[in-house]
Structures are given as structure tokens and as C-alpha cells.
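A short write-up of the structure that comes next.
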Amino acid sequence: MRLLSFHEVRRRDSDCLATMKGHGMFKKIATTSTALALVAGVMLTSQTTTAQAGNNGWRVGAGIAGGLAAGAIIGSALSRPRYVAPRYYAPPPAYYPAPAPVVTYRPAPWSPAWYNYCRAKYRSFNPNTGYFLAYSGQYKFCR
């Protein structure tokens, strides 16, 4: 099974939506024509006639049944499921505790440890003045 890239999935989803839009128009036309046919059928069966002395209860029942059937057909056609594209939610950012600060203790100026530290760190260190030549061309005190 091959994994699809984001663009392939998006293209396929848009193709599905375009196809569903085409079916939506057909469904609207079919629903409208069915509703019109049912309304015409109800109108034809409910014509007024001269009064008759008989049991017309079955006609009332047929009208009610036809109305319920028409309502069920139209209602089910209009309440079709709609396609909703799945949403992508990015994972929450990962929070890590801040690292402990790095503390470096340097020796006090003019002590023997300070001379050794500055002499090892800077080649241009002058032990008489305590300064070294920085890359900027300025002399700076060794701390």
C-alpha cells in the first residue's frame, strides 16, 4: 500500500467534490420532478365531485397516505449526507524544560590562576598590563 502525499490527497478530494457537485444537480432535478408529480397526483385524486351517499373514508386515507409518502420521499432527498473534508490539526508543540544555566567561574584578576587562564586562552595576552589584542584590533582586559 502506497502512502499518498498531501497534494495527491488534496487533488483526489477536490475531484470527489467536483463529482458530487454534478450528482447534486441531478438530485435536485429528480427531487423537484418527483415533488411535482406527487402534487399533481394529489390534485387529481382530490377533485370535487357531487355528493354521494356512500363511504368515502378510503379516499381520505389514500390522501393521507399519499401525503405522508410524498413527505418522506422529499424529506429523504433533501436530507442527504454532505461531504465534509477532514480537517488537519497540527500536534501541539512539545515543551521541554529550559536547560540549567552554565556557570563558569573565572579566577580573580592578578592571581596566578588568572595569569595561567589568560595566557592559555589568548595568545596576545600581555601579563604586565592584563590586556590582549582582540580580533577587532582593540586591546581588551582579560576577565
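The values are calculated or read from the model by the stated rules, or taken from the named source; none is laboratory data. This is a predicted model, so every value here is computed, not measured. We place every Cβ from the backbone using ideal geometry, glycine too, and count neighbours over all the protein chains shown.
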Exercise. Only one of these is aliphatic (A, V, I, L, M) and at pLDDT below 85: ALA113, ALA134, ALA69, ALA53. Name it.
Key: ALA53
Quiz item: Being part of a loop (DSSP other than H, G, I, E, B) and closer than 30 Å to LEU36 by Cβ, is that true of even one residue in segment 58-79?
Solution: yes
Quiz item: Has segment 80-99 got any residue that is under 30 Å from THR32 (Cβ atoms), among the charged types (D, E, K, R) and part of a loop (DSSP other than H, G, I, E, B)?
Solution: yes
Quiz prompt | Residue pairs meeting the criteria (Cβ under 6 Å; at least 6 apart or on separate chains; first touching a residue at least 60 places away in the same chain (Cβ under 8 Å), in segment 69-83; second surrounded by 11 or more Cβ atoms within 10 Å (Cβ to Cβ) and not charged (D, E, K, R)) | solution = TYR83/MET20
Quiz item: For ALA40, are the conditions met, namely being out of contact with any Cys (no Cβ under 8 Å at 6 or more places or on another chain) and at pLDDT 85 or above?
Solution: no
